[in-house]
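J.: Shown below is the structure under consideration.
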Amino acid sequence: MPRYKLTIEYDGGPYVGWQRQENGPSVQAALEAAAQKLDGGPREVYGAGRTDSGVHALAMVAHVDLEKDLRADRVRDALNHHLGDHTIAVLQAERVGDAFHARFSAVRRGYVYRVIDRRAKLALDRGRVWRVPRALDAAAMNEAAQALIGTHDFTTFRDSQCQADSPVKSLDTISVSRQPGGAGETLGEIHIEVEAISFLHRQIRSIAGSLVEVGTGKWTPDDFKAALEAADRTRCGPVAPPDGLYLSFVRY
């Protein structure tokens, strides 16, 4: 059976997450339904990882095996046709060998968390960015974030329902930066960009919420480092909402 690597973007707002679940629509189930219409039989779509309810993707990677031997561009176009009104788009399809696996072949994953610090409510970006109605110090947030680089016990930033075997993870890079302002904005939004091979459940949202505590001046960078070193979930700041989180890339 030919195997196709898919690069996918989606607005996670309408979905319970990437993974197929019984309690609501998922991105995986929508893609599998489209693949079945294309190929004439049940097909399983394997993703590079899971994203939670409301979390978005700029470039999720998945793979699917089909009975039909089709050109990659036809697979892309047919899947998009069968997806209909879903807020999911297959950006690219590539023919790959049987050894490729969207999840297990991945060597690095990247996420970006978008925060906008403004008093005015959101109109165009509602559901796609976290609005904090106070000015944030992006430089202080970036200083605090550097304590996360390397291998640590991330219990503080690990959801209590996380099913990972260990809270120890390695973070390759993290940066917090102020983006150029758009029309009508004095300052642009803040991006928290993180890269690692894998993450704990709600790890990035937990980190983002605690970094915003630094940005408002409620915490110092030393407070943030102390919270990490405590390895205590109760030391985590408020967990950021899913709205601002995007899977930005998967590398192989």
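The values are calculated or read from the model by the stated rules, or taken from the named source; none is laboratory data. This is a predicted model, so every value here is computed, not measured. FYI the Cβ positions are ideal-geometry reconstructions off the backbone, even for glycines, and counts take in every protein chain you see. SASA here: full protein model, heavy atoms, side chains in, ligands and nucleic acids out. Shrake-Rupley method; radii C 1.70, N 1.55, O 1.52, S 1.80 Å.
J.: Return yes when Asp137 is farther than 29 Å from Val61 by Cβ, crowded, with 20+ Cβ neighbours inside 10 Å and either without any contact (Cβ under 8 Å) to a residue 60 or more places away in the chain or not hydroxyl-bearing (Ser, Thr, Tyr) (or both) and no when it is not.
T.: Criteria not met by Asp137.
J.: Next up: Under the condition of being touching a residue at least 12 places away in the same chain (Cβ under 8 Å) and surrounded by fewer than 18 Cβ atoms within 10 Å (Cβ to Cβ), which residue from segment 113-125 is nearest to Ser198 (Cα to Cα)?
T.: Step one: list which residues in segment 113-125 are touching a residue at least 12 places away in the same chain (Cβ under 8 Å), which gives 113-119.
Retained after the next criterion (residues that are surrounded by fewer than 18 Cβ atoms within 10 Å (Cβ to Cβ)): 118-119.
Numbers: Arg118: 32, Arg119: 35 Å.
Within segment 113-125, the match that is nearest to Ser198 (Cα to Cα) is Arg118.
J.: Can you pull out the residues in segment 17-48 that are in a loop (DSSP other than H, G, I, E, B) and crowded, with 19+ Cβ neighbours inside 10 Å?
T.: Passing the criteria: Trp18, Ser26, Arg43, Ala48.
J.: Which of the residues spanning segment 84-112 are charged (D, E, K, R) and either more than 21 Å from Leu211 (Cα to Cα) or surrounded by fewer than 16 Cβ atoms within 10 Å (Cβ to Cβ) (or both)?
T.: Residues satisfying the conditions are Asp85, Glu94, Arg95, Asp98, Arg103, Arg108.
J.: Starting from segment 24-45, keep only residues that are of a type in the set (D, E, K, R), then list their pairs with residues that are assigned to a helix (DSSP H, G or I) and open to solvent by less than 20 Å² (accessible area, probe 1.4 Å) whose Cβ atoms are within a distance under 6 Å, requiring at least 6 positions of separation or different chains.
T.: Pairs that qualify, where the first residue is of a type in the set (D, E, K, R) and the partner is assigned to a helix (DSSP H, G or I) and open to solvent by less than 20 Å² (accessible area, probe 1.4 Å), are Arg43/Ala35.
Yes/no per residue for (1) more than 27 Å from Ile204 (Cα to Cα); (2) in contact (Cβ under 8 Å) with a residue 40 or more places away in the chain:
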residue: Lys68; (1), (2): yes, yes
residue: Ala72; (1), (2): yes, yes
residue: Asp85; (1), (2): yes, no
residue: Leu91; (1), (2): no, yes
residue: Glu94; (1), (2): yes, yes
residue: Gly97; (1), (2): yes, yes
residue: Gly110; (1), (2): no, yes
